[in-house]
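**Student:** Below is a structure I'd like to ask you about.
The values are calculated or read from the model by the stated rules, or taken from the named source; none is laboratory data. Keep in mind that what you see is a predicted model, and the values were worked out from it rather than measured. Note that each Cβ is placed from the backbone with ideal geometry, even for glycine, and that neighbours are counted across all protein chains shown. These area figures cover heavy atoms from the full protein model, side chains too; ligands, DNA and RNA do not enter into them. Shrake-Rupley method; radii C 1.70, N 1.55, O 1.52, S 1.80 Å.
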Amino acid sequence: MKRILTLSLMAILILFAETSFSQKVKKDQNPNVNYCIDNMGYWGRMLEKGYVSPTPYIKPAKAVFKGTKIIARGVLTDDSEDVVITDEIQQTETSVFVDPSNNSIALNSNNSGYIGNFYGTSYLITEDASQTPWGGSVQSAGGSNSGDPAAVIGLDGRQFVGFIHSNSGQGVSYSDDGVSWTSVVAGYAAGGGMLDKNHLWIDNVSTSPYVGNIYNAWTDFGGGGGAGFDYNIGFVYSTDHGLTYSDPINLSSAISGYLNQGVNINVGSNGEVYVIWTIYDDSGLVEKGIGFAKSLDGGVTFAPAVRIITNTRGIRSDGVQKDMRVNSFPVMSVNMQTGEIYVVWTNIGYPGVNSGTNASVYMIKSSDIGDSWSEPIRVNQGSNADGKEAYLPWITCDPQTGTLSVIYYDDRDVSSTQVEAWVSNSFDGGDVWEAFRVSDVAFTPSPLAGSTGGYMGDYLGISANGGVVYPVWPDNRTGILLTYCSPFETNNLPRPENLVAVVDEPTGLTDLTWEYTPVKGFSHFIVYRDGVQLTTTTELTYQDQLPDYGTYSYSVTAMHDEGESSGARNAVTWGAPSIVINPTSLTETLLTNQFSTKVITVSNIGHLGLTYNTSTQITTKNVSAYCAASGGGDEHISGVVFGTINNTGTSASGYSDYTAMATDVDAGNS
């Protein structure tokens, strides 16, 4: 299989001037509006003042029914019909938490209503694993508020909902019966500011010295925490189970950046407090990195914040091909057995390379309480081609089984304007993922009528405990945005581990070996290649003859009396890609507006097809800074005429800086 590719490379040198922004908004936007703030209450006020225009109602395209089946070996549930959590009023921006003592009980909270009829954060409860519509109320927990819900449940069953308070600060309501709620102020906003984009978490680690502590964090817009807090992460904690909260501290001040936003909190297996957020380095609102801070004393003090990954490229500024606003705020979960920390977000291209238009969900993890982090791992398993988009991920780690589950919107099997809700599961700490569609429909996103800026919610939700997983998301299948849940049970049957696949290059014979600890009820192993069963065996080895050059994926599962386990996976490639390039590189020096065409010949002399990528590096000559100087004497330049410049009548009184004068001339002309 040989192919010759001739590439014509055109290097275009473009000189441009840097534009600076003196305000925290772009030049083509209303200067009275802070576009960094995402809060419903704030945008309602901007609408009332006429600074922005409301989104008209446009009937969304009809949803496409795809079926209720869940097709995944890592899931025991084979049929999970979507259940609408409530259809009383529109619901967006959904948060969910499973009761740590009973996984049939879960608490959900959403932004309930729409601008002009906005209640705040609803409280909706299931006691039968979402088999029927949820109870509770679309009215706000503890009274009306400005939204941004975060729901948690303590070991004693007390339920909490965090939100932006109606006073623009932070509020947390609690309930011991799921009916009556008490609202507590957790943070105050001063001087007309706002504490926005909050998150709430609780320490449910029974052996933690800080068990029962409540942690709340936000982005400060307007000095709610005092001098130096603006555009930084504020943090408070409660040691009396949500009755009172500490004074706020600034977590992100050690990180230089324009804006810190999209905060997310979790706790470690020994009660460590971890906080992450997105870093924006300039007013272009492109997510450039992820900030991280940790506390080892229950949130009283934190080590200086650090960037755990740099050179990312989020989607907030670029957007997606759907009619909705988006972001790349990071989300975190922690394995209670191993202590590993997992962080997911959406990136354009592979993080650090950041090329193309593919938007995928990536994960990094740490096994040393955040001191070091892995290379990024891609979570969604659809096509990695340009134009495909998976976004708004949320991650949970089952505290009993250690299984990872991530929910996100994905257009892998639909048009560029549609999405489905997908989930990826991992049983090995995120090294290998199995993805499946969890929603029954494909729908076309459309903004909430009466809102602004493409709003239809900024995050999805997922929570797990004891093998039961609750994914929740909003979609508009009925014509309005409602929240749906499609719970499933993960397959935690004992499975093979550490599958190794080694291919013999001359023959294509592939040796498979794996590890397994025998348990009662085990019957045999099943070996798959590219999803097709090859054989069954009771041995820990198998040899396979590959049919042709290419890349192949293997999976080995264990069959038990209770059913088939999920699989250990690995992949091999038979055949070597090899190319000849002539010349290997080109260098060309061009003047402004000058063009050049050069040819590189790339020949594939290997066994496999290749995707060719080329890159150019453009370097502009730097202009040296002018030094201070003085002049004088009877010899001097009395005038300069050049293009449109006509600067005459100068004297010998001293040197002057004329760099503000500019003209266009054509190279090669007199």
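**Student:** With labels modelled as points extended 7 Å from the Cα through the Cβ direction, what inter-label distance (nm, one decimal) is found for THR301 paired with SER53?
**Tutor:** Once both label points are built, they end up 5.5 nm from each other.
**Student:** In whole percent, how big is the carbon plus sulfur part of the accessible area of segment 403-527, probe 1.4 Å, protein atoms only?
**Tutor:** Solvent-exposed carbon and sulfur of segment 403-527 make up 52 percent of the total.
**Student:** Can you find, among ILE348, VAL441, PRO56, the residue sitting farthest towards the positive end of the charge dipole of the chain, where Lys and Arg contribute +1 and Asp and Glu -1 at Cβ?
**Tutor:** Farthest towards the positive end: PRO56.
**Student:** Now a separate question. About the Cα centre of segment 377-420, how large is the charge dipole given +1 on each Lys and Arg Cβ and -1 on each Asp and Glu Cβ? Please answer in debye to the nearest 20.
**Tutor:** In total the dipole reaches around 140 debye.
**Student:** Got a sec? Charge dipole of segment 523-596, +1 on Cβ for Lys and Arg, -1 for Asp and Glu; which of GLY531, LEU590, ILE579 is way out at the positive end?
**Tutor:** Looking along the dipole axis, the top candidate is LEU590.
**Student:** Over the chain, what relative contact order in percent results from Cα pairs under 8 Å that are six or more residues apart?
**Tutor:** Across the chain, relative contact order equals 13 percent.
**Student:** Let me ask something else about it. Using a simple spin-label model with points 7 Å from Cα along the Cα→Cβ vector, what separation in nm is obtained for ASP79 and SER104?
**Tutor:** Those two pseudo-labels are separated by 2.1 nm.
**Student:** Give me the number: length gained by fully extending GLN545 to MET559, i.e. 0.36 nm times residue separation minus the C-alpha to C-alpha distance, one decimal in nm.
**Tutor:** Length gained, GLN545 through MET559: 2.7 nm.
**Student:** Here's something else I'd like to know. In Å², what does the accessible area per residue of the chain work out to with a 1.4 Å probe?
**Tutor:** Per-residue value: 45 Å².
**Student:** Right, another one. Compare the peptides 424-430, 162-168, 396-402 by average per-residue count of other Cβ atoms within 10 angstrom and give them in order, highest first.
**Tutor:** 162-168, 424-430, 396-402
**Student:** Let me ask something else about it. Between ALA254 and ASP156, what FRET efficiency follows from the Cβ-Cβ distance if R0 is 35 Å, with the result rounded to 0.05?
**Tutor:** Efficiency for this residue pair is about 0.45.
**Student:** Which value, in Å² and to the nearest 10, is the accessible area of TRP134 when all protein chains are kept and the probe is 1.4 Å?
**Tutor:** Surface open to solvent at TRP134 totals about 20 Å².
**Student:** Hey, what does the equivalent ellipsoid look like for segment 157-198, semi-axes from the Cα gyration tensor as sqrt of 5 times each eigenvalue, largest first, whole Å?
**Tutor:** Semi-axes, largest first: 23, 8, 6 Å.
**Student:** Something else: Give the aspartates and glutamates whose C-alpha is closer than 18 Å to that of LYS520, dropping any in the same chain fewer than 8 places away, or say none.
**Tutor:** Hits, sequence-local ones excluded: GLU497, GLU539, ASP561, GLU562, GLU564.
**Student:** Which is farthest toward the positive dipole end of segment 221-361 among ILE249, ASN358, VAL286, measuring Cα position about the Cα centre, with Cβ charges +1 (Lys, Arg) and -1 (Asp, Glu)?
**Tutor:** The Cα lying farthest towards the positive end belongs to ASN358.
**Student:** I would also like to ask the following. For segment 359-408 and segment 235-296, what is the separation of their Cα centres, given in Å?
**Tutor:** A separation of 20 Å, based on Cα centres.
**Student:** Length gain on complete extension for the stretch VAL185 to THR338, per 0.36 nm per residue less the alpha carbon to alpha carbon distance?
**Tutor:** So the chain would gain 51.6 nm between VAL185 and THR338.
**Student:** Suppose every K and R has +1 on its Cβ and every D and E has -1 on its Cβ; what is the size of the dipole of the chain about the Cα centre, in Debye to the nearest 20?
**Tutor:** For this selection, approximately 1440 debye.
**Student:** Would you please put 95-108, 591-604 in order of how densely packed they are, using the mean number of other Cβ atoms within 10 angstrom per residue and starting with the highest?
**Tutor:** Highest mean packing first, the order is 95-108, 591-604.
**Student:** Of LYS66/LYS197; LYS197/LYS388; LYS69/LYS388; LYS288/LYS322, which sit over 25 Å apart, Cα to Cα?
**Tutor:** Too far apart for the 25 Å limit: LYS66/LYS197; LYS197/LYS388.
**Student:** Oh, and also: Find how many whole Å separate the alpha carbon centroid of segment 102-144 from the alpha carbon centroid of segment 35-77.
**Tutor:** Between the Cα centre of segment 35-77 and that of segment 102-144, the gap is 17 Å.
**Student:** Per-residue ellipticity at 222 nm for the chain, helices alone: DSSP H runs ≥ 4 residues times -39500 (n - 2.57), over residue total, nearest 500 deg cm²/dmol?
**Tutor:** So the calculated ellipticity at 222 nm is -500 deg cm²/dmol.
**Student:** Next question. Could you order THR68, THR132 by accessible surface area, starting with the largest, using a probe radius of 1.4 Å?
**Tutor:** Ranked list, largest accessible area first: THR132, THR68.
**Student:** From the Cα gyration tensor of the chain, with a ≥ b ≥ c the square roots of its eigenvalues, which class applies: rounded if a/c is under 1.5, or else prolate if a/b is larger than b/c, or else oblate?
**Tutor:** oblate
**Student:** Now, a different point. Take VAL599 and THR239, extend 7 Å from each Cα along the Cα→Cβ direction, and tell me the distance between the two endpoints in nm.
**Tutor:** 7.7
**Student:** On to the next question. Classify segment 470-553 from the C-alpha gyration tensor, please: rounded if a/c falls under 1.5, else prolate or oblate depending on whether a/b exceeds b/c.
**Tutor:** Taking the square roots of the gyration eigenvalues as a ≥ b ≥ c, segment 470-553 is oblate.
**Student:** Just by accessible area at a 1.4 angstrom probe, what is the order of PHE292, PHE118 from largest to smallest?
**Tutor:** Correct descending sequence by accessible area is PHE118, PHE292.
**Student:** Let me check against my output: what whole-number percent is the relative contact order of segment 211-365, with C-alpha pairs under 8 Å and at least 6 apart?
**Tutor:** Once normalised by length, the contact order is 16 percent.
**Student:** Here's a follow-up. So if I place +1 on the C-beta of Lys and Arg and -1 on the C-beta of Asp and Glu, and nothing else carries charge, what would the dipole magnitude of segment 307-449 be about its Cα centre? I want it in debye, nearest 20.
**Tutor:** Magnitude of the dipole: close to 420 debye.
**Student:** Using the per-residue mean of other Cβ atoms lying within 10 Å as a proxy for protection, in what order, highest first, do the peptides 269-275, 139-145 fall?
**Tutor:** 139-145, 269-275
**Student:** On to the next question. Starting from the Cα coordinates of segment 380-429, work out the convex hull volume and express it per residue in Å³.
**Tutor:** 73
**Student:** Turning to a different aspect of this structure: Round to a whole number: what % of the accessible area of segment 47-86 belongs to carbon and sulfur, probe 1.4 Å?
**Tutor:** Roughly 56 percent of what the probe reaches on segment 47-86 is carbon or sulfur.
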